[in-house]
1. Could you tell me whether any residue of segment 105-118 is crowded, with 16+ Cβ neighbours inside 10 Å and under 26 Å from Lys135 (Cα atoms)?
2. Does at least one position in segment 83-90 carry a residue that is modelled with pLDDT of 95 or more and surrounded by fewer than 18 Cβ atoms within 10 Å (Cβ to Cβ)?
3. Tell me the residue from Leu63, Leu128, Leu57 that is part of a helix (DSSP H, G or I), under 18 Å from Tyr14 (Cα atoms) and either free of Cβ contacts under 8 Å to residues at least 12 places away in the same chain or under 17 Å from the mean Cα position of the chain (by Cα) (or both), please.
4. Considering only segment 132-142, I want to know if a residue exists there that is closer than 19 Å to Asp6 by Cβ and in contact with a helix residue (DSSP H, G or I) (Cβ under 6 Å, 6 or more places away or on another chain).
Amino acid sequence: MTFKLDSRLQNDCYLLAESDHSLWLLLNNSYFPWFIIVPKTEQTELYMLGKVRQEQLQRDTNLLSEFVHKNFACDKLNVATIGNIVKQMHIHIIARTESDKCWPGVVWGTSCKRQYELTDVMEIQKKLKQFYQYKGLNELQLASHQ
């Protein structure tokens, strides 16, 4: 299987890191700390994954959720697998605050957008690497942003 990231995710996100089984992305909208995990699969629904792949994806989701919660002030984490427009399986992990531009509504389709500065993306990536190493994990490879 040759895995290819959906072009909309590729255009809208920074690739932060990659493991053997998933990609970890940051949506390019600095109004919301919005991360996306894309498992390397052609399946489009969670139930279609085998037990081991489901467990890997749940582990990744829990890790990234913990990272977001610890590194971004938030009142609530939104974790979802909507996928109506981008059919490729992916999980959103979004840090929400009562003061964010969309609270308490959803962030999907918002016109409130501000691109990240590359230095901010690299700082988030550095924190992700430190968090992952602190957890004693090594299989995540950081992407290059030059």
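The values are calculated or read from the model by the stated rules, or taken from the named source; none is laboratory data. Computed from a predicted model, the values in this text were never measured in an experiment. When we count neighbours, we look across all protein chains shown, and the Cβ atoms used for this are built from the backbone with ideal geometry, even at glycine.
1. Kept after step one, since they are crowded, with 16+ Cβ neighbours inside 10 Å, are these residues of segment 105-118: 107, 116.
Add one more test, that the residue is under 26 Å from Lys135 (Cα atoms), and what stays is none.
No, segment 105-118 has no match at all.
2. Start the filter on segment 83-90 by keeping residues that are modelled with pLDDT of 95 or more, which leaves 88-90.
The next check asks that each one be surrounded by fewer than 18 Cβ atoms within 10 Å (Cβ to Cβ); those that pass are none.
No: zero hits.
3. Working: Leu63 fails: under 18 Å from Tyr14 (Cα atoms); Leu57 fails: under 18 Å from Tyr14 (Cα atoms).
None of the other options fit; the residue is Leu128.
4. Our first condition is that a residue be closer than 19 Å to Asp6 by Cβ; within segment 132-142, this holds for none.
Scanning segment 132-142 turns up no residue that is closer than 19 Å to Asp6 by Cβ and in contact with a helix residue (DSSP H, G or I) (Cβ under 6 Å, 6 or more places away or on another chain).
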